[in-house]
Every structure is written in C-alpha cells, then in structure tokens.
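The values are calculated or read from the model by the stated rules, or taken from the named source; none is laboratory data. Just so we're clear, the structure is a prediction, and the values are computed from it rather than from any experiment. Methodologically, a virtual Cβ is constructed for each residue, glycine included, from the backbone with ideal geometry; neighbour enumeration extends over all protein chains shown. Accessible surface is based on the protein model in full, side chains and every heavy atom, while ligands, DNA and RNA are left aside. Shrake-Rupley method; radii C 1.70, N 1.55, O 1.52, S 1.80 Å.
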Amino acid sequence: MNKRILIGVIITECQVDFQKEILRGIISQAFKSNCDIVVLTPLHNFFLDTPHKQAEKKIFDLILSNRFDGFLYGRNTFYGEEIKTFIDNLLVRSGKPVMLMDSADHRSFETTSIDDCAAFEQITDHLIEVHGFSKIYCLTGPKKLFVSEERLKGYKNSMKKHGLYYDRNCCYYGDFWREAAKDLARKMIRGEIERPEAIVCGNDYMAISLAEEFISAGIRVPEDIALTGYDSSEDGYNFTPSITSFSRPNFQLGAEALRRLYRIITGRICNRVHNENGELRTGQSCGCPKDMRVVHRLQRQNKINARFESNMLMSDMLFDITNVDNPADFADRLDNYTYFIYKLRNLSICLTRKYIDSPSGSFTDKLGFSAGDDMRMVLSKSAVRRENASDEYFSSFDLLPIFDKERAFPVACYISPLHYNNNFFGYSAISFGKEPISFSTLYLQWINYVNIALEQLRIKAMMNRTISTANRAMLYNEVTGLLNRNGMEKAMSDRKNEWVADGTDVDFIRIQLTGLNKTYFQSGEDKCQRVFTAFAQNLNECCKADEICGVWSNNILVVITSHPERAGEIFNSLSEKIKDSQFSSGENCNVDFSLGQYSQTISPDASLGNAMHKAAINRLFNYSISENSANPQFEKLCMLRSRIMKNPENPWNISEIAESLYLSKSYLQKIYKSYFNKSIIEEMIQFRIEKAKELLTNTDMTVTEISKECGYSSYNYFVRQFKISVGLSPSEYRTRNGK
C-alpha cells in the first residue's frame with residue numbers, strides 16, 4: 001500500500017465562521033491532492049490558564065507522532081503567547097515542515113497569507129464611491145500584526161487613490177475584539193476625538209461594539225456615523241443594524257497553504273481546487289439594504305442548528321450516558337445519540353489505558369497524557385453502522401486505527417481532547433466524509449456531555465470498588481495512602497498474639513511535624529497538606545517491610561517496629577531525605593520535626609493510644625531547619641543550586657553568579673563546595689547529564705536535539721562528557737534504558 005500523505009492542522013475554535021472557511025479550503029484541496037487531514041483542535045481557547053486548559057492542551061502532544069508529514073498552523077487563532085510558544089516548540093521538535101496561515105514571518109516556519117490590503121481597499125472604496133463619504137477613519141487590529149497592517153494599508157491606498165486627506169489621527173489600532181472599539185467610541189462621544197462620517201473596522205466584532213456604544217449615546221448608525229466590518233461573521237449580520245462587511249477569501253487561504261506545504265513535502269505541484277474569492281457583503285450599517293441571499297442562507301442554517309439543539313437539550317442524553325457502570329455500557333448508550341451531530345459520517349471515542357485502569361487507583365490520582373500512551377477505541381460509529389468494540393490497545397502515536405487500513409479515498413477528521421478539569425481521558429475523532437466542513441457549536445455541548453459522563457463513570461467505578469473494599473477505606477488515610485489510626489490498631493492487633501507469645505519488645509516511634517503550623521500560616525492549607533504527604537512518603541521509604549507506618553493525626557506520624565535501635569536510624573535517614581527534598585523536583589518538605597519513642601514488651605492489654613502518649617513525653621530527637629541555615633549565605637546557595645538543577649542547560653557563568661551574590665569568584669567556589677561537596681561546574685554537568693538521561697529514556701528526540709536541549713553547543717563534546725559520566729554513549733544508554 002502506498003502511504004498517503006497525512007497533514008496535521010493545528011487550529012482552535014473550528015466552529016467559528018472564519019476558521020470554518022479556512023478548513024473548508026484545506027480539506028477541499030487535500031481531497032483533490034489525495035492527502036489525509038487530521039485537525040488537532042481543543043474545544044476552547046486559552047484566555048485563562050486553568051487546570052482545565054492545562055489538560056486541554058495535552059492534545060497537542062500528538063504533534064510528535066511520526067504519522068504526520070507536515071503541519072498547517074493557524075497560530076493567530078490562539079490567544080496568549082504561552083500557548084503559542086508551547087505549540088511552536090512541539091512543532092519544532094517534530095522536525096516536520098510547518099506552514100503558518102495568515103501570520104507574519106516566523107524564524108522557524110514558512111507562512112501563507114492572502115491579500116487583505118485589496119479587500120480593505122474595496123470596502124473603503126464602497127464608502128467613498130457609493131455613499132460619498134470623505135472623512136473616514138480606520139480602526140484596525142493590534143499594532144505590528146501582519147493582518148492589521150495589511151488592512152490599514154488598504155484603507156490608506158483607497159484614501160490616496162481618491163485624493164482624500166487622512167493622517168495618523170484617522171488611524172487607530174485595536175485588539176480585534178471589543179474593548180479598543182468601546183474606548184474609541186467613548187472618546188468620540190465625549191468629544192475628545194472629532195467624529196468622522198464613517199469608520200472602517202478590522203472585523204465585525206469591533207464594528208458591533210462601536211455601534212452599540214454610539215446607539216446607547218443617541219448617535220445614529222448609519223445616519224450620523226456609518227460603519228463597516230470585515231470577515232462577514234454571522235454575528236455581524238444578525239446585529240441591528242446589520243454590518244456591512246467583506247467575506248474574506250479564507251477558503252483560498254486554506255487551499256493555497258496546503259498546496260504550498262504539499263510542494264515542500266513532495267517536491268511536486270498538485271492540481272488547484274476552484275478558487276472562491278471574497279466579496280463585499282452589504283448591510284444596513286453603511287446605509288445599504290441587507291443582502292437577502294445572505295439572510296436566507298443564515299436563516300436556513302439557524303433553523304437547522306435550532307432543530308438539532310432543541311432535540312438534544314430536550315433529550316435524556318446526559319442522564320442516560322451518565323447512568324452506566326463501565327466503558328462498554330457507556331459506548332452502547334452514547335451510540336444512541338450520535339445522530340445529534342449534523343452530517344456526521346464517522347465517530348471514534350478513544351480512551352487512554354490510564355483512564356480504563358483508573359478505577360483501581362485513588363480519587364486523588366491525576367490522569368495525564370503523553371504522545372505514545374496506549375489507547376483503546378471503545379466506540380467506532382459510521383453513519384450507517386457501528387463496528388464491534390475491541391479490547392486491544394493501540395499507540396496514540398498511530399492517532400487512529402483507520403490510518404493503518406488500506407483505503408481508496410482520503411479522510412479528514414477532527415481530533416479533540418476528552419477530559420474533566422485536569423484529568424485527561426482520551427480523545428474523540430469525528431469525520432464528515434466527503435464534505436469539507438467543520439463541526440458546529442452544538443458539537444461542543446455534545447462533547448461536554450461526554451466529558452461529564454466519563455468523569456461520572458470514573459467516580460462511580462471507584463466508589464463501587466471502594467464500597468466493595470470498605471475495610472480498606474476505613475483503614476487507610478486517603479491523602480497519604482498510609483494506615484490511619486484504625487489501620488494501625490488492626491495491624492497491631494493482627495500481630496499482637498505473635499508478639500505476646502514471643503515476649504517481643506516493640507518500639508513506638510512518634511514523629512510530630514512541629515514546623516507544619518508555620519507552613520499553614522505562611523502558605524495555607526493546600527500547601528500544608530502537600531508538605532505533610534511528601535514527608536509521610538519519605539518516612540515510609542525509611543521503614544522496613546515488616547514495620548507498621550501510619551498517620552496518627554494531621555501532623556503526627558507513627559512507626560511501630562520490633563527491630564531494636566530504630567529511632568536513631570529513622571531520624572538520621574529521614575533528616576537526609578527531607579534536606580534533599582528542597583533540591584529535588586518534588587515537594588519541599590524540609591520542615592522542623594521532633595521524634596519521641598516508647599518501648600514496651602507487648603502484653604494482651606497493650607494500648608496504642610497509651611503508647612503514643614508516652615512517646616510524646618519521651619522526646620529523643622529534634623530537627624530544626626535553622627540549624628542548617630546558620631550561615632546567611634546558605635539559603636542563597638540553596639536557591640542557586642535549585643535554579644541550576646531546574647535549568648542546567650542555561651549558560652551559567654561563575655563570574656556573573658558571584659557578582660549577583662556580592663561575592664568574589666574564588667570565595668563563591670570555595671563555600672559552594674564546602675556545602676555541597678561539588679563545585680558549581682561539577683553540579684551543572686551532573687544536572688545536564690541527568691536531564692539528558694531523562695530525555696533519552698522518555699522522548700524520541702535525536703541525540704543532536706538532546707545535546708542542544710541540555711546546553712551543549714558541541715555534539716561531540718556532549719557525547720564525550722556523557723560517556724565519561726555514565727560509561728556509555730548516549731545511543732548505547734537509550735538502547736538499554738529508553739525507546
């Protein structure tokens with residue numbers, strides 16, 4: 001079978017008219033060129049950084065799949081530099097060609113744009129030639145953004161062509177949203193800016209916001225001030241007065257971007273689909289009548305959407321799909337409601353192995369996702385039939401099983417994340433067959449129902465397991481996973497007969513986190529709980545297999561042991577572990593604590609509560625952070641070491657570090673080594689090698705990429721230093737330990 005080219009499309013808000021047209025052009029051209037399309041799209045944008053959004057963006061890890069031959073990237077559809085940078089880095093790591101759509105020049109990617117300048121000139125021409133306006137202002141998008149400057153350029157070209165005066169006081173930069181438009185309108189209303197006859201806006205939303213502010217202040221649109229928009233949104237045409245706009249040739253943008261990427265990948269030129277150029281769409285905001293063709297088209301589409309939305313909202317879908325006990329039943333129920341997705345041809349629901357296995361875990365477990373994780377398709381449905389479910393797993397690197405099957409035709413599907421808050425469940429994939437269309441806003445609600453049902457299924461399965469193992473729930477602390485009081489009482493009771501018969505001496509070791517109160521007042525309850533949990537895990541690691549370790553109260557832990565002289569051993573081992581926690585990537589649990597002990601020969605009436613009371617009185621050891629920071633420079637050096645550990649790839653310069661700490665270079669090196677037994681350079685090399693080992697084990701990055709990621713400008717020097725430290729070359733280490 002000849003491998004069909006697979007193009008990934010990275011875009012968001014596919015239900016918006018603007019993106020729909022771009023995707024229609026991409027898919028139409030892809031089908032003409034016999035290419036498969038996978039659109040990786042979250043269901044929401046990234047206005048705020050929340051746990052919900054952090055889980056949502058994990059879908060982009062699929063960028064690293066080797067199935068893809070190249071990517072089309074709608075970078076400007078994402079809000080916020082953080083998410084853009086996150087996706088940029090993944091695309092660079094993929095090593096595949098990337099074509100940006102409608103963006104300015106990028107240092108790593110090619111870009112395709114369309115002529116906004118000519119279109120904006122045509123809108124301005126309409127105001128001048130048809131309506132006779134001469135005093136016209138322009139409100140475009142953010143300054144220095146490519147599309148903003150192109151639209152402003154079109155306005156200026158029209159004004160020059162007609163010999164009309166304009167200056168910088170006629171040109172305003174906005175935000176392609178509402179606030180900048182409202183601010184401009186209010187300044188005109190207050191008289192701070194002289195009113196024009198008309199304003200051409202960079203998009204419909206800015207035109208709508210201007211109109212709302214003017215009308216609320218008694219300024220008539222278009223009689224007093226005429227307005228035009230851009231992009232021909234449905235919101236603009238449904239507004240009163242309807243917004244005169246321009247239906248941008250986004251179809252052509254998508255098609256041309258794919259043609260250019262196809263040529264980069266194959267070296268060949270593919271046949272072009274028929275172009276659909278943009279056109280002026282008249283509305284009432286400039287003084288023209290509505291275009292009834294547009295009215296009829298929108299009325300028809302709204303009628304269809306309203307019917308499907310009403311059917312779904314009036315149905316029992318949410319109740320029905322949440323009232324299940326396992327993924328198979330969930331798939332059976334969901335199968336009954338796929339008809340709500342307009343023009344659906346194929347649907348796949350794929351869940352991670354982590355989600356499938358989650359009922360055996362804890363309520364506090366977080367379900368993450370990485371490219372390469374195992375997936376199971378629990379529902380595969382076409383427009384006419386449903387495929388039999390399979391218990392087999394496939395790698396998410398393969399995206400979907402359909403790409404392993406021989407097909408006579410290309411496919412285009414939309415892959416979106418399934419998750420609830422910061423728990424990632426899997427992904428859904430929908431296809432509309434031969435039609436080059438995107439999903440509607442109704443699909444967002446449909447998927448939200450699916451996400452709620454999957455979370456309810458997970459909780460119900462864990463609750464059923466908890467009920468069936470009620471004794472465990474009563475015996476274990478749910479936060480730390482260690483035994484609680486009941487659990488320790490039972491464990492002691494189970495062994496008491498043996499201890500009594502042997503006359504065994506048992507030590508009751510009581511560890512109280514005296515510094516936890518300070519953490520509570522400084523950082524709050526959540527931080528306090530995380531520190532206690534990390535401390536408890538370190539204590540558990542210090543215990544032997546036959547020792548009983550548990551939680552007595554919110555700040556007291558207990559070890560019950562029949563081994564002699566364990567108090568001192570546990571104190572020393574625990575002290576070292578919690579000291580090291582401040583330099584690790586885990587929770588810093590370096591807090592003050594005290595250790596008390598009570599020893600007794602076990603008798604039938606031995607009481608754990610009585611032993612704890614006596615252990616509290618007999619305090620043997622105290623650990624205090626202050627003893628480890630008597631030198632005021634110690635804390636600074638600890639923070640320095642932590643920064644080096646987290647970012648070893650940075651070009652750490654000892655002279656610059658010394659200057660920042662107000663120390664001489666020689667004295668800095670001397671005291672650093674006295675505290676940590678290694679020089680700064682030795683530590684930096686160690687941390688770089690550790691990072692390299694992690695990347696070799698857990699990623700598919702090449703050794704050259706890893707050497708750069710770890711701060712080495714020379715590949716050969718990296719390989720030589722790695723072999724000295726580890727005893728193996730990077731490739732040999734990966735063969736033994738990694739992928």
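Brief remarks on what is shown
- Looking only at the range 487-510, residues that are under 30 Å from E587 (Cβ atoms) and either free of Cβ contacts under 8 Å to residues at least 60 places away in the same chain or of a type in the set (V, I, T) (or both) come to 2 in all.
Every residue, every condition in (1) of a type in the set (F, W, Y); (2) touching a residue at least 60 places away in the same chain (Cβ under 8 Å), yes or no:
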| position | (1), (2) |
| --- | --- |
| D69 | no, yes |
| L72 | no, yes |
| F86 | yes, no |
| S94 | no, no |
| S108 | no, no |
| I114 | no, yes |
| T124 | no, yes |
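- Screening S438 against (1) of a type in the set (S, T, N, Q); (2) open to solvent by 20 Å² or more (accessible area, probe 1.4 Å); (3) over 24 Å from A328 (Cα atoms) leaves a single unmet condition, (2).
- Count of the range 88-137 residues which are open to solvent by 30 Å² or more (accessible area, probe 1.4 Å), touching a strand residue (DSSP E or B) at 6+ places or on another chain (Cβ under 9 Å) and of a type in the set (A, V, I, L, M): 2
- Screening K290 with (1) within 19 Å of E21 (Cβ to Cβ); (2) over 35 Å from the mean Cα position of the chain (by Cα) gives one miss only, at (1).
- In summary, E56 fulfils each of the numbered conditions (1) open to solvent by less than 20 Å² (accessible area, probe 1.4 Å); (2) more than 15 Å from the chain's Cα centre (by Cα) with the single exception of condition (2).
- Any hit, the range 466-473, residues being at pLDDT 90 or above and either assigned to a helix (DSSP H, G or I) or open to solvent by 20 Å² or more (accessible area, probe 1.4 Å) (or both): no
- Some residue of the range 73-81 being assigned to a loop (DSSP other than H, G, I, E, B) and surrounded by fewer than 19 Cβ atoms within 10 Å (Cβ to Cβ): yes
- Pick from the range 642-678, criterion under 29 Å from S731 (Cα atoms) and surrounded by 15 or more Cβ atoms within 10 Å (Cβ to Cβ), ranking: modelled with the lowest pLDDT: S642
- Of all residues making up the range 682-731, the number that are open to solvent by less than 70 Å² (accessible area, probe 1.4 Å), more than 29 Å from F397 (Cα to Cα) and acidic (D, E): 1
- Leading residue by the ranking (farthest from the chain's Cα centre (by Cα)) among those in the range 506-530 that are at pLDDT below 90 and within 23 Å of L620 (Cβ to Cβ): T514
- Filtered by the rule that a residue be in contact (Cβ under 8 Å) with a residue 60 or more places away in the chain and more than 25 Å from I215 (Cα to Cα), the range 149-197 gives a lone residue, R151.
- When restricted to residues that are of a type in the set (G, A, S) and within 14 Å of P42 (Cα to Cα), the range 407-438 contains 5.
- Selected residue (criterion: farthest from the chain's Cα centre (by Cα)) from residues of the range 28-45 that are surrounded by fewer than 20 Cβ atoms within 10 Å (Cβ to Cβ) and within 24 Å of E110 (Cβ to Cβ): K32
- When residues of the range 246-274 are limited to those that are open to solvent by 60 Å² or more (accessible area, probe 1.4 Å) and within 32 Å of the chain's Cα centre (by Cα), the one nearest to C286 (Cα to Cα): R260
- For the range 40-61, a residue qualifies if it is out of contact with any Gly (no Cβ under 8 Å at 6 or more places or on another chain), within 19 Å of G95 (Cα to Cα) and not acidic (D, E), and the qualifying residues are I59, F60.
- Inter-residue pairs, beta-carbon under 9 Å, first more than 17 Å from S581 (Cβ to Cβ) and in the range 638-649, second basic (K, R) and in a helix (DSSP H, G or I), 6+ apart: P648/R688; P648/K691; E649/R688; E649/K691; E649/K708
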